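First the structure, in the form of structure tokens, and then the observations on it.
The values are calculated or read from the model by the stated rules, or taken from the named source; none is laboratory data. Just so it is clear, the model here is predicted, and its values are computed rather than measured. Here Cβ is always computed from backbone atoms with ideal geometry, including for glycine, and neighbour counts include all displayed protein chains.
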């Protein structure tokens with residue numbers, strides 16, 4: 001398990017990236033849409049898309065349900081809403097704005113809970 005401070009810093013960095021329009025600014029890969037978490041500097045493989053490090057080493061893995069941790073791109077399966085919608089859910093039927101709003105709310109809640117010292121309810125079971 002990751003150090004709570006490290007996870008907190010990563011979540012705050014992700015929120016700052018999102019708030020600066022990181023996914024909507026100049027796309028990293030102009031031939032495809034930006035992927036939440038994967039195309040963020042918080043991704044452990046951001047600088048090297050050859051995926052040198054396994055996603056299981058990512059601090060966000062603790063938010064991914066156990067049964068989704070070994071699949072490709074597990075961060076797409078982090079439950080963002082109380083209804084269980086994930087990044088992947090929004091890719092299938094949501095809009096970019098709905099996805100960004102859900103990610104923002106999830107990040108704010110996770111940060112608040114980590115700062116208050118509570119075991120984050122947003123963490124995967």
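For the range 62-88, the set of residues classified as surrounded by 11 or more Cβ atoms within 10 Å (Cβ to Cβ), free of Cβ contacts under 8 Å to residues at least 12 places away in the same chain and part of a loop (DSSP other than H, G, I, E, B) consists of 71 only. Flag not set for residue 59, criterion: surrounded by fewer than 16 Cβ atoms within 10 Å (Cβ to Cβ), within 22 Å of residue 16 (Cβ to Cβ) and within 13 Å of the chain's Cα centre (by Cα).
Among the residues in the range 29-40, are any closer than 28 Å to residue 116 by Cβ, part of a helix (DSSP H, G or I), modelled with pLDDT of 90 or more and within 11 Å of the chain's Cα centre (by Cα)? Within the range 29-40, none of the residues are closer than 28 Å to residue 116 by Cβ, part of a helix (DSSP H, G or I), modelled with pLDDT of 90 or more and within 11 Å of the chain's Cα centre (by Cα). Among the residues of the range 1-23, count how many are modelled with pLDDT of 70 or more, surrounded by 13 or more Cβ atoms within 10 Å (Cβ to Cβ) and assigned to a loop (DSSP other than H, G, I, E, B). Looking only at that region, the number is 2.
Take residue 69 and tell me if it is modelled with pLDDT under 90 and touching a helix residue (DSSP H, G or I) at 6+ places or on another chain (Cβ under 8 Å). I'd like the intermediate steps shown before the answer.
Working: modelled with pLDDT under 90: no; touching a helix residue (DSSP H, G or I) at 6+ places or on another chain (Cβ under 8 Å): yes.
No; evaluated as a whole, the condition is false for this residue.
Residues that are out of contact with any strand residue (DSSP E or B) (no Cβ under 9 Å at 6 or more places or on another chain), more than 17 Å from residue 6 (Cβ to Cβ), at pLDDT 90 or above and not in a helix (DSSP H, G or I) do not occur anywhere in the range 96-105.
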